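The values are calculated or read from the model by the stated rules, or taken from the named source; none is laboratory data. Please read all numbers here as calculations on a predicted model, not as lab measurements. Using ideal geometry, Cβ is built from the backbone for each residue, glycine included, and neighbour counts are taken over all protein chains shown.
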Amino acid sequence: MTREDQILKLIVEHFIKTAEPVGSQTLLEVYHLPFSSATIRSEMNSLEKEGYLEKTHTSSGRVPSGKGYTYYVEHLREENVDESVKYALSKVLEQKTKSVEEVVKESCEILSHMTNLASVVLGPKVNEEHLLSVQIIPLSEKTATAVFVTDKGYVENKTFIIDDKMSLSDVQKTVDLLNARLKGTSIADLVPKMEAMKQALTDYVVGHDVVYQAILGAFVKFAGERIKLYGKENLFETPEFTEDAKKLQKVLELVDDPEALRAALAASGAPKEEGVNVTIGDPSHGLSDVAIVSAEVNLPGGKGTSISLLGPTRMDYEKAVALLDYVSKTLDSYFNETPNKGGKESCPKKKSSPRSSPASTPSNLTPNPAAETPETNPKPNPNKAKK
């Protein structure tokens, strides 16, 4: 790691911990760097000119820019998974009686607790998921539960009171007609298709309206319920959001809108690492102060579900990327019965730093023999490689 990389790494990690701008004196006093204060300031000026650091108005220190965070994620972060996460996740997965929804929910709660970030589960697009079947389960002579299942394994239910004019056989006739007309229909098209069927049901079954409304309500709920949020309270404890009501409102709007979140996750320029996608500040969606770390999880029924960690750009990327990568791969293994790709090799490999050779060392540094040795101060080269 070159000197400039080392200084950038320490600035990013110190700012993540403290939320305070970082100056050369802080780097010397806290990290005991073997460089002079003048050399560190020179490096920081160089990093600022290249767009990796920014200077705040209230301090002489620097803070990482979006470009600086991105470089840190791609080249400088460490690759460790906390053993407590492995243990907590193993305790969830050893209980084989848990449903898919329960396993995902508890896994996300672990992620939120360990990272102090909000975790979000985003389901498949409604036009990519289709109705498999509608079933009726009688609970008594006057009540029943309508259950429908999709080809992605999602189950929704609605309990209703049977109209006095209807018998259980009438209810079943209604359900049979719905299955005949709706099976294979995309979730996005279920509601308009059901509305178009209403007259046919009126002619076919007396008192069908209760069943119709119950199932229609379940379809409407499912079509809109593409997103689950865990650890929402962590957003209210983040200085960047609690001190700015508009920023917090933007974040809350994002996690309440599946398509807006999907667009943010697909933002151009987001660095991808073997299935882990990191979006750092997305001004095009009004999220310049928000970072999202996401990964797809192959749940029973097929692809299309993602788990994301959401928080300020000043999030702990080292922990967030490593933990989400481990959890997503472990869940893939659990649900698809493939050898676990987790463990020591679970975290995606960071890219080689373009500063990893002397040729990439900045050319504008003035060595200080009193503070540095040739080993810590590589020979400057005018042909500096770009990050």
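Where residues in the range 123-133 are of a type outside the set (A, V, I, L, M, F, W, C) and assigned to a strand (DSSP E or B), which of them is surrounded by the fewest Cβ atoms within 10 Å (Cβ to Cβ)? It would help to see each step written out before you state the result.
Within the range 123-133, the first condition is being of a type outside the set (A, V, I, L, M, F, W, C), and the residues that meet it are 123-125, 127-130, 133.
Applying the additional criterion that residues be assigned to a strand (DSSP E or B) yields 130, 133.
Details: His130: 18, Ser133: 14.
Once the filter is applied, the top-ranked residue is Ser133.
Please go through the range 102-137 and give me each residue that is charged (D, E, K, R) and within 27 Å of Glu237 (Cα to Cα), ordered by number. Give the steps one after another, and end with the answer.
From the range 102-137, those charged (D, E, K, R) are 102, 105-106, 109, 125, 128-129; that's our starting set.
Matches in the range 102-137: Glu102, Lys105, Glu106, Glu109.
Taking the range 230-258 only, how many residues are buried (at least 20 other Cβ atoms within 10 Å of the Cβ) and assigned to a loop (DSSP other than H, G, I, E, B)?
2
Considering only the range 311-333, state which residues are closer than 20 Å to Thr18 by Cα and small (Gly, Ala, Ser).
Gly311, Ala320
Could you please find all residues in the range 59-102 being touching a Gly at 6+ places or on another chain (Cβ under 7 Å) and over 26 Å from Leu122 (Cβ atoms)?
Quick first cut of the range 59-102, residues touching a Gly at 6+ places or on another chain (Cβ under 7 Å) only: 60-61, 65-67, 100.
Correct list: Ser60, Gly61, Ser65, Lys67.
Any idea which of Val120, Val103 is in contact (Cβ under 8 Å) with a residue 60 or more places away in the chain, part of a strand (DSSP E or B) and farther than 21 Å from Arg181 by Cα?
Details: Val103 fails: part of a strand (DSSP E or B).
None of the others qualify; the one that does is Val120.
Would you confirm, using the coordinates I've provided, whether Gln25 is among the polar types (S, T, N, Q), surrounded by fewer than 16 Cβ atoms within 10 Å (Cβ to Cβ) and not assigned by TED's automatic domain parsing to the domain that holds Leu331?
Values: among the polar types (S, T, N, Q): yes; surrounded by fewer than 16 Cβ atoms within 10 Å (Cβ to Cβ): yes; not assigned by TED's automatic domain parsing to the domain that holds Leu331: yes.
Yes.
Give me the strands (runs of 3 or more DSSP E) completely within the range 262-316, filtered to those with at least 2 residues that are modelled with pLDDT under 75, ordered by residue number. First the steps, then the outcome.
Values: elements: 276-282, 287-299, 302-312.
Those strands (runs of 3 or more DSSP E) span 302-312.
Testing Leu89 on (1) surrounded by 21 or more Cβ atoms within 10 Å (Cβ to Cβ); (2) out of contact with any strand residue (DSSP E or B) (no Cβ under 9 Å at 6 or more places or on another chain); (3) over 21 Å from Ser308 (Cα atoms), one condition comes back false. Which one is that?
(3)
Within the range 1-34, restricting attention to residues that are of a type in the set (Gly, Ala, Ser) and not in a helix (DSSP H, G or I), which residue is nearest to Asp289 (Cα to Cα)?
Of the residues in the range 1-34, the ones of a type in the set (Gly, Ala, Ser) are 19, 23-24.
Now restrict to residues that are not in a helix (DSSP H, G or I): 19, 23.
On the way: Ala19: 13, Gly23: 22 Å.
Out of the qualifying residues, it is Ala19.
Within the range 63-100, track down each residue that is among the charged types (D, E, K, R), in contact (Cβ under 8 Å) with a residue 12 or more places away in the chain and either in a helix (DSSP H, G or I) or within 30 Å of Met44 (Cα to Cα) (or both).
Of all residues in the range 63-100, those among the charged types (D, E, K, R) come to 67, 74, 77-79, 82-83, 86, 91, 94, 96, 98.
Restricting the remaining residues to those that are in contact (Cβ under 8 Å) with a residue 12 or more places away in the chain gives 67, 74, 77-79, 82, 86.
Result: Lys67, Glu74, Arg77, Glu78, Glu79, Lys86.
Go through the range 179-203 and give me each residue that's modelled with pLDDT of 85 or more and within 20 Å of Ile162 (Cα to Cα).
Within the range 179-203, Asn179 is the sole residue that qualifies.
Of the residues Ile136, Ile110, Ile161, only one is buried (at least 17 other Cβ atoms within 10 Å of the Cβ) and farther than 24 Å from Pro258 by Cβ; which? Spell out how you get there, then give the answer.
Details: Ile110 fails: farther than 24 Å from Pro258 by Cβ; Ile161 fails: buried (at least 17 other Cβ atoms within 10 Å of the Cβ).
Answer to the selection: Ile136.
Tell me yes or no: at least one residue of the range 140-149 is surrounded by fewer than 20 Cβ atoms within 10 Å (Cβ to Cβ), under 38 Å from the mean Cα position of the chain (by Cα), under 30 Å from Arg262 (Cβ atoms) and outside the structural domain of Leu309 (by TED's automatic domain parsing). Walk me through how you get there before you give the answer.
Step one: list which residues in the range 140-149 are surrounded by fewer than 20 Cβ atoms within 10 Å (Cβ to Cβ), which gives 140-143, 145, 147, 149.
Filter once more, keeping what is under 38 Å from the mean Cα position of the chain (by Cα): 145, 147, 149.
In the following step, the residues that additionally are under 30 Å from Arg262 (Cβ atoms) were identified as 147, 149.
Retained after the next criterion (residues that are outside the structural domain of Leu309 (by TED's automatic domain parsing)): 147, 149.
Yes; the residues of the range 140-149 include at least one that is surrounded by fewer than 20 Cβ atoms within 10 Å (Cβ to Cβ), under 38 Å from the mean Cα position of the chain (by Cα), under 30 Å from Arg262 (Cβ atoms) and outside the structural domain of Leu309 (by TED's automatic domain parsing).
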